[in-house]
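Some notes on the structure that comes next.
Bear in mind these aren't lab numbers, they're just calculated from the coordinates by the rules spelled out. What you see is a predicted model; the values in this text were computed from it and never measured. Please note: Cβ atoms are built from the backbone with ideal geometry, for glycine as well, and neighbour counts cover all protein chains shown.
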Amino acid sequence: MASIQQLVANRQPLQPLNHQMKIDNTTLDRIAELARLDLSDPAQRTTMLADMERVIGFVEKLNEVDTNGVEPLIFMTEGTDVLREDVVLEADVVSKADALLNNPARDSDYFKVPRVVDKR
């Protein structure tokens, strides 16, 4: 498997788009479906369409910047994470029975929780 540095070193520069991308109603409907957005209100559709076109315009403006010779930024800092050893202390261990005592709803040896995702 290649490292990030190897992938970056072998990257091909992106070619700028020579046309401005437009978002039409079909594209907007597909994005709304994927994001589960309700864009049935015409005013919201108009606002969302304008916002998306502004974002695309900003990205296209960034594509105009000459990045030849600029090394990609992989990490924001040179620091590394300082991790501690994960040690279980006997004083912190709670038995299953003690843990279930504080739960108002249980099913045998398990916590019962309300459903948070509905199936459609």
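Descriptive notes on the structure:
- Annotation: amide H of Arg106 within the under-5 Å range of Lys112, sequence separation 5 or more or interchain, hydrogens built in the peptide plane.
- Computed from phi, the 3J(HN,Hα) profile of segment 22-27 under the Karplus parametrisation 6.51, -1.76, 1.60 (θ = phi - 60°) reads 10, 9, 9, 5, 5, 5 Hz, with x in place of Gly and Pro.
- Kirkwood Rh (inverse of mean 1/r, distinct Cα pairs), segment 21-120, angstrom: 20.8 Å
- Sparse-neighbourhood loop sites, chymotrypsin sites (Phe, Trp or Tyr not before Pro) in segment 26-120 - DSSP loop, at most 12 other Cβ within 10 angstrom: Phe75
- Extension gain, Tyr110 to Thr67: 0.36 nm times the residue separation minus the Cα-Cα distance gives 9.9 nm.
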